[in-house]
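Remarks on the structure that follows.
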Amino acid sequence: MYKAVVFFDLDGTLFDNDKRVTQASIKAIAQLKANHILPVIATGRSLFEITGTLEQSGIDSCVCADGSYIQVAGRALHTEYLKTSDVKAITAYAQQDNLPVSYYNPNGFVVSHTNKLVRENYRELKETVNVDAGAYLTTKMNMLFVFTPERDKQDDVYREKFHGTFSFYRNNFRGLDVVKYGVSKRSGIENLLNHTGLADVPTYGFGDFYNDLPMFDAVKTPIAMGNAVPEMKAKAAWVTTSNLQNGIVNGLKHYNLI
């Protein structure tokens, strides 16, 4: 039986700026497991994007794609797929402004069409871009990414237009993660805890960006990275050092988890 559960965001949190887990963090995760504490990755990324990270870090449980895919001990627990008709509707809406849409499932992704933003985004993520505008018609998808660079204007427009159908999370300055309405890191974490019988053990969460805010609502002890956005720091029980200054290790030590 696990004594506690610790959830880690990846980008800006468990990852350094080269998208790698440091040796110090890998050692800390091994110590967590030795102390009967369950480490879980909670990320906006999809499963196929983090398979190497899971192997490298020794973590085999995750809440991926903003809560729409859950895995425990290497086995899929739940995937929250989107309705094809809903995906078609938001694709058509995005196309009115010639905005690209990426379509994700746990195994991979495709893009409706490319532009400079698309190329920059996936170059940064070290992912190869494949174009297939109609993939969602024959393949189930659990997450989308709509390239909406005009943040203040477009975020509110999409949330109002598709309220009750989709939930939106600002992933980066280039666009929005899109999942089924009500799905979030919080719902994914709660689902995982309930299915594993761990809902009553102490829970901790490390995060840095806006899509981590729902995670902070789901854990008993939210910990913001030193490089986190102000909203995260305001909501945190404690602010550790940055992802480049052993923030994970220092946070775990602060709470005597290692």
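Only the coordinates and a few stated rules stand behind these numbers; no lab work does. As the structure is a prediction and not an experimental result, all values here were calculated from the model. Here Cβ is always computed from backbone atoms with ideal geometry, including for glycine, and neighbour counts include all displayed protein chains.
Points worth noting:
- Antiparallel bridge percentage (DSSP; both residues within the chain; nearest 5): 60
- Beta bridge orientation in region 89-231: antiparallel %, DSSP, nearest 5: 75
- Annotation for region 92-186: GluC sites (Glu not before Pro) lying in DSSP loop with at most 12 further Cβ atoms inside 10 Å of their Cβ are GLU150.
- ASP18 paired with LEU137, simple spin-label distance in nm, labels 7 Å along Cα-to-beta-carbon: 4.4
- Among (i) 53, 33, 32; (ii) 48, 45, 36; (iii) 66, 34, 30, the entry derived from the coordinates for Cα extents along the principal axes in Å: (i)
- Karplus (6.51, -1.76, 1.60) ³J(HN,Hα), θ = phi - 60°, over region 99-115, in Hz, Gly and Pro reported as x: 8, x, 10, 9, 10, 10, 9, x, 9, x, 8, 9, 10, 5, 6, 10, 8
- Computed lengthening from ASN115 to VAL129, 0.36 nm per intervening residue step minus Cα-Cα distance: 3.9 nm
- One decimal place: the segment ALA237-ASP156 gains 26.3 nm when fully extended, by the rule 0.36 nm per residue minus the C-alpha distance.
- Unsatisfied cross-links (Cα-Cα over 20 Å) in the set LYS19/LYS220; LYS88/LYS140; LYS83/LYS116; LYS185/LYS220; LYS19/LYS253; LYS180/LYS220: LYS19/LYS220; LYS83/LYS116; LYS19/LYS253; LYS180/LYS220
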